[in-house]
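Where a number appears in this text, it was derived from the coordinates with a stated rule and is not lab data. Not measured: the values here are computed from a predicted model. Cβ sites come from the backbone with ideal geometry, for glycine too, and all protein chains shown count toward neighbours.
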Amino acid sequence: MTTTSSDVDVVLPCLNEAEALPWVLERIPPGWRALVVDNGSTDGSDRVARACGATVVHEPRRGFGAACHAGLTAATADVVCFCDCDASLDPSLLVPFVREVRDGEADLVLGRRRPQGRGAWPAHARAGNLTLARMLRRRTGLRLHDLGPLRAARREPLLALGLTDRRSGYPLQMVVRAADAGWRIAEHDVPYLPRTGASKVTGTWRGTWQAVRDMSRVLGEAPGETPAVGRGAR
C-alpha cells in the first residue's frame, strides 16, 4: 500500500467489484485519493484498482464495517468520504458534501438514495431501509430517510466516535454515535443507479434481513455507551 497526501480521501469497500471499479474510479474528483479496501476479492479487483490509480488497502476480516473502518484508519486527509464501488453511486456527487463539511454547515453529510430506473433498489432492501430509518428516528430524533453509503465527515472526529461494528451495522452506528455526540447531520438527494454485479448485502431477502438484524443491535446501544467526543469540529 502506498500513501500520498490528498485533499480528500474516499473509502471504497470492495468485494469482487472488478467490473464496476473503472467507472467508479474515473469519477473520483481531481486531487482526491481513492482508497479501495479489498475485502477478500477473488476477481482481481485489487489489480484493477491499482491500474486505475487507486490506493489499495487489504482487509482480510470479512464484513462491510471491517472494510469501511480499515479505510478510515488508513486515511490521512482531513475530510473522509465513503462510497460503494458497485457503480450504483457516482463519487463526484460528494463534492458539495465535502464543501458543506469544510464550510462548517454540517458535521456529517449523507446521501438520500433516489432510484433511477428499474432494479436500482429492490423492494425488500428499500423496505428494510425504511424500517431502520423509523427506528433511528425513535432512537435519536433524527428525521433521516436513508442510511445510504454515500457520506462525508472529518477524519479525526470520526475516529473519535470509537466505531466498533464490523458488519452491516457500521453505517448506522456512525449516525447514531454522531447524533449522540451532538453532531449536525444533513441529508441530500442523490441518484441511485442499478448496481453492476450482484449485491453482497441486500441483493436477497436473507441478506437484507441480516443487515437489519446487524443494525438493530446498534440501535440497542444506550447513549451512555457512546464515547465522550465533541461535534465534528473544524
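Structural remarks
- In nm, spacing of pseudo-spin labels at residue 62 and residue 127 (7 Å Cα→C-beta vector): 2.6
- Taking amide hydrogens as placed 1.01 Å from N in the peptide plane, the amide H of residue 187 sits under 5 Å from those of 110, each at least 5 positions away in sequence or on another chain.
- Residues whose amide H falls under 5 Å from that of residue 192, counting only those 5 or more places apart or on a different chain, are 114, 116, with hydrogens built in the peptide plane.
- Integer Hz, Karplus 6.51/-1.76/1.60 couplings in order for region 90-104, x for Gly and Pro: 8, x, 5, 5, 6, 4, x, 4, 5, 4, 5, 5, 5, 7, x
- Whole-Hz ³J(HN,Hα) from phi, Karplus 6.51 cos²θ - 1.76 cosθ + 1.60, for region 49-60, glycine and proline x: 4, 5, 4, 8, x, 7, 8, 9, 10, 9, 10, x
- Three-way shape label, region 8-223, alpha-carbon gyration tensor, a/c 1.5: rounded
- Across region 158-163, rounded Karplus estimates of 3J(HN,Hα) from the backbone phi angles (6.51 cos²θ - 1.76 cosθ + 1.60, θ = phi - 60°) give 4, 4, 5, 5, x, 5 Hz, Gly and Pro being marked x.
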